Amino acid sequence: MNTPDSIKAEPKNLLNLISKNWEELDDSLKTKLIKIWSVLTYKWQLQILFNLPFLVWWALDKYFPKVHEFDATILNYLNLPDWALSFFSFGK
C-alpha cells in the first residue's frame, strides 16, 4: 500500500530514468553503445534524407490546405495520358 512517505515527489518520467541510467554507465560501455547506435541509425539517417521531400510535402499538406488549390491547367500542359490523370482524379 502506498503511503505519503513512499510516494516520491519527483515525476516518474522515462526520459529521466534513461538519463539517470546513462550517467551511471562506465565510459567504455558508453563508447561501445554510441558506436552500436551510430551503426544502427546510419541507415535511418539515409532513409530520412531520401524521404525528406515527401516529409516536406506531407507537412505542407497537413498544415497548409492551400497546397491543394492549384491551377489544374498545369497538368494539361504536361500532356499526360488519361490513365495518369486518373491517378490525380482529373480523369474523365
Selection from 29, 65, 15 lying farthest towards where the dipole of segment 14-87 points positive, charges on Cβ = 29
message = Quick check: pseudo-label points 7 Å beyond the Cα along Cα→Cβ at residue 54 and residue 40, how many nm apart are they?
response = 2.3
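Taken together, the values in this text are just the output of simple stated rules run on the coordinates, not laboratory data. All of these numbers come straight from a predicted model, not from anything done at the bench. FYI the Cβ positions are ideal-geometry reconstructions off the backbone, even for glycines, and counts take in every protein chain you see.
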